[in-house]
1. Run the quick spin-label model on ASP191 and PHE336: label points 7 Å from Cα toward the beta carbon, then report their separation in nm to one decimal.
2. Could you provide, to the nearest whole Å², the per residue accessible area of the chain with probe 1.4 Å?
3. Tell me, rounded to the nearest percent, the portion of alpha carbon pairs in the chain spaced more than 39 Å apart.
4. May I ask what percent, to the nearest 5, of DSSP beta bridges between residues of the chain are antiparallel?
5. How large is the Kirkwood hydrodynamic radius of region 195-285, in angstrom, based on all distinct alpha carbon pairs?
6. Find the percent of Cα-Cα distances in region 1-52 that exceed 16 Å, and round it to a whole number.
7. Ranking request for peptides 51-64, 92-105: highest mean number of other beta-carbon atoms within 10 Å first, then the rest in descending order.
8. Just the ratio, please: alpha-carbon radius of gyration of region 61-150 over 2.2 N^0.38 Å, N its number of residues.
Amino acid sequence: MIGLRVLKESITSLTKEDLTAWMKERGETAFRSNQVLDWVWKKRVSSFDAMSNLSEPLREKLVEAFDARVLTHVETQGSKDTTRKILYKLRDGRYVESVLIPANPALYGERSDRMTLCVSSQVGCAFGCKFCASGLAGFTRNLTAGEITEQILQTEELTGEKINNLVFMGMGEPMANLDNLLKGVEVITSDWGLGIGARRLTISTSGVVPGIQRLADFPKQVRLAISLHGATNETRSKIMPVNKKWDVSELFKALNYWNEHKKQRITLEYILIKDVNDNLDEAKVLASRAKEINAKVNLIPYNTVEGLEWERPSETHCRRFEKELVNRGVFTTLRFEKGHDIDAACGQLRLKKETSDGLIEEAPMKIKSS
Ligand code: SAH
Ligand code: SF4
């Protein structure tokens, strides 16, 4: 019964401080901890046996206490130069997805080496936004820090790509798993770890106010994206239950607090859903909200989810909505390209797999690529 086994902590969950403390308790020096971190994050070995400059007794202690790796690669969809979805199996039989997105030459130029990974933070999501497949499938559990950091480590190994940009826009609500997320961020941004600059990390939230405040106080300059999807309480409450807990005015108070502590501009994500939030009056309110916090707006035409009634507005209407914002001086992007990061990141591969393994009785829905 795999579910009942007590799982070991993974070495990829540990910060330098954690590992040094562990070593100290066993009479070992910080030098040993640096050696282990070097094997894990620089030499990238996947077993403790390979750590040849450690004594055998120390290696045995490490094996006893930790797993060296906790994700197993299952399958990759897509090919080089396109968006690739990578499915990993977790030790309890659950699945998690990461999505690798090369730079769009139209936005970043032909020679850009920007390589983004869209990372998941939970299995499922408890927030239940009405339009989102991750939410509709329900919540299973938080990912550990190691299950977060290994998505990057293993994806680099599998694909041979250097990931230099991260968006926490995969499955789950990162702010509802903030302890593990921040531990993961520490590993990801440290020189002894993955060494990706904090400014290259974007954390997306549906509006968990205490999480935004805590992240604002966190001493690294990570970026923040808000899944707004409605500029008024009326619209937002219809599609996002989180708005009943922290409404638009509380959310914007937290965003002002963010701006007092961080230099990077906030991004407001706004999915355009026909006859739900695409009214041009809503665009006017959105524009003034965006200006209030000096945010940029990313408009995303809705990706249809099978089994749900929501639809994407026409391209002409999306452009009109965009124009309302641009005319009011708001920096706005609107993208229609195929295989967009977000539709690719909604956990479909995971749902299919958990269904076939009997972990979920029936996949609630399927996202059609647009
Ligand atoms: N829970 C966090 C992180 C997930 S980000 C958050 O909500 O911000 C995933 C993004 O994809 C969110 O902005 C979400 O609103 C968006 N999304 C979900 N379903 C979508 C769909 N069908 N079409 C387009 N975007 C969608
Ligand atoms: Fe969860 Fe974000 Fe989807 Fe809402 S949009 S259900 S918070 S993953």
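The values are calculated or read from the model by the stated rules, or taken from the named source; none is laboratory data. Remember, predicted model here, so these are calculated numbers, not experimental data. Every residue, glycine among them, receives a Cβ derived from its backbone with ideal geometry; neighbour counts consider all protein chains shown. Just so you know, the surface numbers come from the protein's heavy atoms only, side chains and all, with ligands and any DNA or RNA stripped out. Shrake-Rupley method; radii C 1.70, N 1.55, O 1.52, S 1.80 Å.
1. 4.8
2. Details: 16340 Å² over 370 residues.
It amounts to 44 Å² per residue over the chain.
3. Values: 11351 of 68265 pairs.
More than 39 Å apart: 17 percent of the Cα pairs in the chain.
4. Details: 19 of 43 bridges.
Of those bridges, close to 45 percent are antiparallel.
5. Details: mean 1/r = 0.0725 Å⁻¹.
Computed over region 195-285, the radius equals 13.8 Å.
6. Numbers: 626 of 1326 pairs.
Taking all Cα-Cα pairs of region 1-52, the fraction more than 16 Å apart is 47 percent.
7. On the way: 51-64: 13.7, 92-105: 20.6.
Per-residue mean Cβ counts within 10 Å order the peptides as 92-105, 51-64.
8. On the way: Rg = 16.0 Å, N = 90, 2.2 N^0.38 = 12.2 Å.
So the Cα radius of gyration is 1.32 times the expected 2.2 N^0.38 Å.
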